Structures are given as structure tokens and as C-alpha cells.
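Notes for the one structure printed next.
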Amino acid sequence: MDSNSFLKISEFGRLGKTSRKMLIHYDKINILKPAYTDPSTKYRYYSIQQLKSLAMIKSLQAIGVSLGEIKEKYLNTNMQDYLKNLKKEEIIIEKKLAEIQMAKKILADKLNCLEEIIDLNDEIEFKLKEMPRRYLIYSNIKSKELEDLPPIIFSLEKKNQNRDFLIVGDVAAVKKLSESKNEEILLGIFSKVDKSSEGIENYMFEEGEYLCFYKKGYFLDGENSPIIEDWCRKNAYAAVGETIVIPLLLPFLSIGGSMYQVQIRVKKLP
């Protein structure tokens, strides 16, 4: 055999971004054997075509397929089974990608939140933000205390197993004026879709421009209303929606239990 037409293990490992130790392990367990092993020196040599096999092994390992499973499902199998197994792995990859995207969104939301409150002082900072249409899946309760929220959340999640809840501000309290002009406090979780067709109460918040700010301490008491009214008067805006109060619920930080984001839809006056 002309060894010059093959790749040394170091060259093969460098091209395939795999350590020499791992390639030797693959050889020993008969999952990727060298194309040629010199009988006198025991040096391992690989063909350039084997890079495809190495890439597939690493891709399958990356999504959690064990070497034992790779050996069982993909070595010495027929074309039909090979295709069927690959299609199953594709489904797994799509699921993992969705989970990664969700994790990325959670991190991005928390990063954005922390950047906004890291230097927060006692002076309220107002920001105008564009918000999408959202639906609050809620339960009517008489109490204004967020301690009443956990049993409500558990009940709502039990009814909604398809997990179409929004991550940002997924828990909220809303002060809503009813037709009788009496205030209602709605505690619930945000959803991306209207759930009323499923017999579940939800309240829609239109997309549009929202006045947003952070505040320490609960906000839905009437004494806080002048804060919004004063900003609107000074900036020629009018409040056109209910007040949404979102506890930050920052993981591992005790501040999350006392800090809230307030949102209210506004429109520019002519």
C-alpha cells in the first residue's frame, strides 16, 4: 500500500477536528476503523472519504446519540433502515433546535431586562416600546397579592398543554375597568394566541406603542395613577389601555420579588 495516498491519523484528526485519542477509541470499538494500519509500525492511515463518516458520527453524538446506538443503527445496515434512522434523528435535531431557540430567547430577555434596571435609581425612567398583540389567560380574583398567583398558574398551565405561552413577562397582573366602572384585577399568563375558542378566558392587548417603566413595589394601587397621567400630559400622549404589571421574577436574584415592569398602551395626540 502507498501510504502517501492516505492521511496520517494526525492529519485526519486535524481535518476532522477530532483528537488522536478519540480516533483511536473509535478504532478500538469498531465504529470508525482506519482504512489501513501498517502491520509493522501499527500506524493508522485514513482515506479522505472517511471524513464524511467522521462528520456523521460527531453530528449524531452532538444530538445525544450514543456510540453504541450509532454502531447498532448505522453500521452494516441496509439503505432503508439507514434512511429511516436518519429521519428520526432529524426530528430530534428539530426539537433540540427549538429548545435552544427558546433558551436563547429567555437569556436575551433577561439580559435586556438586567441592562435596563442595572443602574435604576429612585427616579422612574419612561420608555416607549412597540409590543405585539398578546392575550392574557387569566382568572378573576379579589386579592391584589401576587402570592395568589402560583395556584392560578398551575391551573392555567394544566389547561394549556401546547405551551404557546410567551416567555417575556409570561406572568402578569392587569387592572381592568369593567362596564360598571368597577376595577377588576386579572392575574394570569401571556399567550401568543387567542384561547377563547377553547373555552378559556383571555384578555387581548392590541399591538402598538406602550409606555414602559420599572418600579420597585406593587403598582396597581390608585395612588400611582398620577405618574402615568403626568407623563402623558407632558409628552402629549393619551393612555388608551389597561395597566399591565409584570413581576420581573429574575432567577436567583431576590430583587426579582420586589421589582415590576409597568406597561400601558398609549397614542400620540394630534
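The values are calculated or read from the model by the stated rules, or taken from the named source; none is laboratory data. Just so we're clear, the structure is a prediction, and the values are computed from it rather than from any experiment. Here the Cβ positions follow ideal geometry from the backbone for every residue, glycine too, while neighbour counts run over all protein chains shown.
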The range 217-255: number of residues that are outside any helix (DSSP H, G or I), modelled with pLDDT under 80 and over 31 Å from the mean Cα position of the chain (by Cα): 1
Extreme residue, surrounded by the most Cβ atoms within 10 Å (Cβ to Cβ), among residues of the range 74-96 that are under 23 Å from the mean Cα position of the chain (by Cα) and of a type in the set (D, E, K, R): Glu89
The range 48-64, residues that are polar (S, T, N, Q) and surrounded by 15 or more Cβ atoms within 10 Å (Cβ to Cβ): Gln50, Ser53
